[in-house]
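Student: Before anything else, here's the structure in question.
The values are calculated or read from the model by the stated rules, or taken from the named source; none is laboratory data. This structure is a prediction, so every number in the text was calculated from the model and none was measured. In this analysis, Cβ positions are derived from the backbone assuming ideal geometry, glycine residues included, and neighbour counts consider all displayed protein chains. For accessibility, only protein heavy atoms count, side chains too; no ligands or nucleic acids. Shrake-Rupley method; radii C 1.70, N 1.55, O 1.52, S 1.80 Å.
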Amino acid sequence: IEIDPGFLPCRENLATAYFALGKYKKAQSEYLKCTELKANHCDCRNGLGQVALKQNDLPLASQHFQKLVGICRQDAEAWYNYGFVEFQLGRCEKAITGFLAALSLNRDQIEARDALIQAYDCVAMTNAAAAEHIKAMRASPNNAQAHYRLGLVFVEQGKFNEALTEFSFAIQIDPQLVPAYYQAARMADRNLQKEQTIAFCQHYVRMTGN
């Protein structure tokens, strides 16, 4: 499709159409052109974040939504999306910031209220919470989500070796658990285990199609 490269509304509409059709690479390309024409374009920046989510690229989604809330500070949905991604990445305090901002702009946003409770629970996790996940794993040894969630608990507690172990278990049980590869790469890097970092990152990149 040939369009005037400087015609911003058409760029945005074309990107939105590609996104609706599931053509995320093309949508991403058009949203990027849109932001090149107008760096503080809220809808196009949000579109980039949504494309990254569809591609399971949480770190990239985080970058886009962080930029989005910086330029569109009165957008409740933008703050919710920022909080959602940060929560998925295990950065619960940042998630709380996002959800609180969303609720300050729209008190009726039920999703943000529910998510805020979960984020507060995440921050408040203690050894008792870890014990609950361990109990769940004993009841169901092949529960990949339990291992993954326990890994997030250990991250919050600064127990990076233990966290890496749990993320690795989660991946062994469920090789399609994409966020576990990202978290495992983070922990391996913190532990200066470079070969493991590279391996986990390569798996993550292949699975997200980037």
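Okay, residues lined up against (1) among the β-branched types (Val, Ile, Thr); (2) touching a Phe, Trp or Tyr at 6+ places or on another chain (Cβ under 8 Å); (3) within 20 Å of Tyr204 (Cβ to Cβ):
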{"position": "Ala20", "(1), (2), (3)": "no, no, no"}
{"position": "Lys26", "(1), (2), (3)": "no, yes, no"}
{"position": "Lys33", "(1), (2), (3)": "no, no, no"}
{"position": "Asn56", "(1), (2), (3)": "no, no, yes"}
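Student: Looking only at residues in region 136-146 that are touching a residue at least 24 places away in the same chain (Cβ under 8 Å) and open to solvent by 20 Å² or more (accessible area, probe 1.4 Å), which one is nearest to Cys92 (Cα to Cα)?
Tutor: Gln145
Student: Let me ask you something else. Can you name every residue in region 53-90 that is over 10 Å from the mean Cα position of the chain (by Cα) and open to solvent by 30 Å² or more (accessible area, probe 1.4 Å)?
Tutor: Within region 53-90, the subset over 10 Å from the mean Cα position of the chain (by Cα) is 54-55, 64, 66-80.
Of everything in region 53-90, those that are over 10 Å from the mean Cα position of the chain (by Cα) and open to solvent by 30 Å² or more (accessible area, probe 1.4 Å) turn out to be Lys54, Gln66, Lys67, Gly70, Ile71, Arg73, Gln74, Asp75, Glu77, Tyr80.
Student: Here's something else I'd like to know. Take the residues of region 194-210 that are touching a residue at least 12 places away in the same chain (Cβ under 8 Å) and surrounded by fewer than 22 Cβ atoms within 10 Å (Cβ to Cβ): which is farthest from Leu58 (Cα to Cα)? Outline the logic, then answer.
Tutor: Step one: filter region 194-210 for residues touching a residue at least 12 places away in the same chain (Cβ under 8 Å), giving 196-197, 200-201, 203-204, 207-210.
Those still in the list that are surrounded by fewer than 22 Cβ atoms within 10 Å (Cβ to Cβ) too: 196-197, 201, 203, 207-210.
On the way: Gln196: 20, Thr197: 17, Cys201: 13, His203: 14, Met207: 12, Thr208: 9, Gly209: 12, Asn210: 12 Å.
The qualifying residue farthest from Leu58 (Cα to Cα) is Gln196.
Student: Answer yes or no as to whether Ala180 is within 20 Å of the chain's Cα centre (by Cα), at pLDDT below 90 and crowded, with 24+ Cβ neighbours inside 10 Å.
Tutor: no
Student: Collect the residues in region 91-116 that are under 18 Å from the mean Cα position of the chain (by Cα) and open to solvent by 90 Å² or more (accessible area, probe 1.4 Å), keeping them in residue-number order.
Tutor: Glu93, Lys94, Glu111
Student: Among the candidates Ala139, Ala76, Ala95, Ala144, which residue alone is of a type in the set (A, V, I, L, M), at pLDDT 85 or above and over 28 Å from Asp189 (Cβ atoms)? Explain how you work it out, then say what you get.
Tutor: Values: Ala139 fails: at pLDDT 85 or above; Ala95 fails: over 28 Å from Asp189 (Cβ atoms); Ala144 fails: over 28 Å from Asp189 (Cβ atoms).
Of Ala139, Ala76, Ala95, Ala144, the one residue that is of a type in the set (A, V, I, L, M), at pLDDT 85 or above and over 28 Å from Asp189 (Cβ atoms) is Ala76.
Student: Could you please find all residues in region 34-52 being assigned to a helix (DSSP H, G or I), open to solvent by 20 Å² or more (accessible area, probe 1.4 Å) and either small (Gly, Ala, Ser) or modelled with pLDDT of 90 or more (or both)?
Tutor: Restricting attention to region 34-52, the residues satisfying the condition of being assigned to a helix (DSSP H, G or I) are 34-37, 42-52.
Among the residues that remain, those that are also open to solvent by 20 Å² or more (accessible area, probe 1.4 Å) are: 36-37, 42-43, 45-46, 50.
Across region 34-52, the qualifying residues are Cys42, Asp43, Arg45, Asn46, Gln50.
Student: Taking region 7-33, which residues are in a loop (DSSP other than H, G, I, E, B) and hydrophobic (A, V, I, L, M, F, W, C)?
Tutor: So the first thing to find is which residues in region 7-33 are in a loop (DSSP other than H, G, I, E, B), and the list is 7, 21-23.
Phe7, Leu21, listed by residue number.
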